[in-house]
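Reading through the structure tokens given below for one structure.
The values are calculated or read from the model by the stated rules, or taken from the named source; none is laboratory data. Just so it is clear, the structure is predicted and the values come from calculations on it, not from any experiment. Note: ideal-geometry Cβ built from the backbone for every residue, glycine included; neighbour counts use all protein chains shown.
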Amino acid sequence: MFIAKVIGNVWATRKHSGLKNATMLIVKAVDFSAPDKLTGEATLAVDGNQGAGIGDTVLIVDEGGSARKILKNSRAPVRTVVAGIVDKVHIK
């Protein structure tokens, strides 16, 4: 799991049936040493019915089996999913 910022979205008119009605988002991990900074490569994630959009800070699950459970679709070709929208992060 990691925390990321939604930086874009992807529209696909043709996709696997397991992704029907799925919202696909582009996310980038948050750098905890500088929370306003993003780090690493951008990643494609499927919104797990959270309603996330561009600018949201989100909780990402990056493991196929867990991702498919969140989507309630054991046949979806998914590895990375938005599991929640983060309201606040507090680091001491």
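Annotations for the structure displayed:
- Condition met for Ala22 (touching a helix residue (DSSP H, G or I) at 6+ places or on another chain (Cβ under 6 Å) and in a loop (DSSP other than H, G, I, E, B)): no
- Scan of segment 34-53 for residues that are in contact (Cβ under 8 Å) with a residue 24 or more places away in the chain, farther than 16 Å from Leu71 by Cβ and of a type outside the set (Ser, Thr, Tyr), ordered by number: Pro35, Leu38, Ala42, Gly53
- Among the conditions (1) modelled with pLDDT of 90 or more; (2) touching a Lys or Arg at 6+ places or on another chain (Cβ under 8 Å); (3) of a type outside the set (D, E, K, R), Gly18 misses just one, which is (1).
- Within segment 8-22, residues that are under 16 Å from Asn49 (Cα atoms) reach partners that are at pLDDT 90 or above and not in a loop (DSSP other than H, G, I, E, B) with beta carbons closer than 6 Å, at six or more positions or on different chains, in the pairs Asn9/Leu25; Val10/Met24; Ala22/Val46.
- Restricting attention to segment 2-23 and to residues that are buried (at least 18 other Cβ atoms within 10 Å of the Cβ) and within 18 Å of Ile70 (Cα to Cα), the residue that is nearest to the chain's Cα centre (by Cα) turns out to be Ala4.
- Residue satisfying all of: in segment 60-92; charged (D, E, K, R) and more than 16 Å from Thr43 (Cα to Cα); modelled with the lowest pLDDT among these: Lys92
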